[in-house]
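K.L.:
Here's a structure for you.
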Amino acid sequence: DRPASIHHVQVAIPAGGEDEARRFYAGVLGLREIDKPENLRARGGVWFETRNLQLHLGVDRSFTPATKAHVAFEVDDLAGMRERCVAAGLTVREDEPLPGYERFYVDDPFGNRTEILQPVG
């Protein structure tokens, strides 16, 4: 038996936020949008794919941003991603060191905390 693996992570967004989500998650972070199944499209939201799992952005009618819980995206070029975030007008925040990684935080357009990190060494 092998342990369970993560298929996807879902993050809440407000109703009507799909285009803003595309600008951030696809435009800034470079994730690839994938089609939602036809039977789920009426709910709104948008789905993306990373190297190893899916990120589902689901509409929450009583949306509140996740300011502590977050998704961490591992990148190959942290400095380049930082530049992309700054160029997009996003505020980059530093945090305590994480052994073996360099990292920063940035909020998505809805205030959801997002971590960007790169292995070092």
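The values are calculated or read from the model by the stated rules, or taken from the named source; none is laboratory data. Predicted model only: the values in this text are computed from it and were never measured. FYI the Cβ positions are ideal-geometry reconstructions off the backbone, even for glycines, and counts take in every protein chain you see. When the accessible area is computed, the model is the full protein with side chains, heavy atoms only, and any ligands, DNA or RNA have been set aside. Shrake-Rupley method; radii C 1.70, N 1.55, O 1.52, S 1.80 Å.
K.L.:
Have a look at R84, R61 and point out the one that is more than 19 Å from H7 (Cα to Cα), part of a helix (DSSP H, G or I) and open to solvent by 40 Å² or more (accessible area, probe 1.4 Å).
P.N.:
Only one candidate qualifies: R84.
K.L.:
All but one of (1) on the phi > 0 side of the Ramachandran plot; (2) free of Cβ contacts under 8 Å to residues at least 24 places away in the same chain hold for G45; state the number of the condition that does not hold.
P.N.:
Of (1) on the phi > 0 side of the Ramachandran plot; (2) free of Cβ contacts under 8 Å to residues at least 24 places away in the same chain, only one is false for G45: (2).
K.L.:
Going by what's in this entry, would G16 be described as more than 26 Å from P119 (Cβ to Cβ) and exposed (fewer than 13 other Cβ atoms within 10 Å of the Cβ)?
P.N.:
Judged against the criteria, G16 is a match.
K.L.:
When only residues in segment 9-51 that are small (G, A, S) and part of a helix (DSSP H, G or I) count, which is farthest from K68 (Cα to Cα)?
P.N.:
A42
K.L.:
Could you check A72 against (1) closer than 14 Å to T114 by Cα; (2) open to solvent by 40 Å² or more (accessible area, probe 1.4 Å); (3) out of contact with any Lys or Arg (no Cβ under 8 Å at 6 or more places or on another chain) and say which number it fails?
P.N.:
(3) is the only condition that A72 fails.
K.L.:
Any residue in segment 1-23 that is acidic (D, E) sitting within a Cβ distance under 8 Å of a residue that is assigned to a loop (DSSP other than H, G, I, E, B)? List the pairs, counting only those 6 or more apart or interchain.
P.N.:
Taking only residues 6 or more apart or on different chains, the pairs are E18/G44; E18/G45; E20/P109; E20/F110.
K.L.:
Looking at (1) open to solvent by less than 30 Å² (accessible area, probe 1.4 Å); (2) more than 30 Å from E102 (Cβ to Cβ), which one does R2 not meet, given that it meets all the others?
P.N.:
All conditions pass for R2, except number (1).
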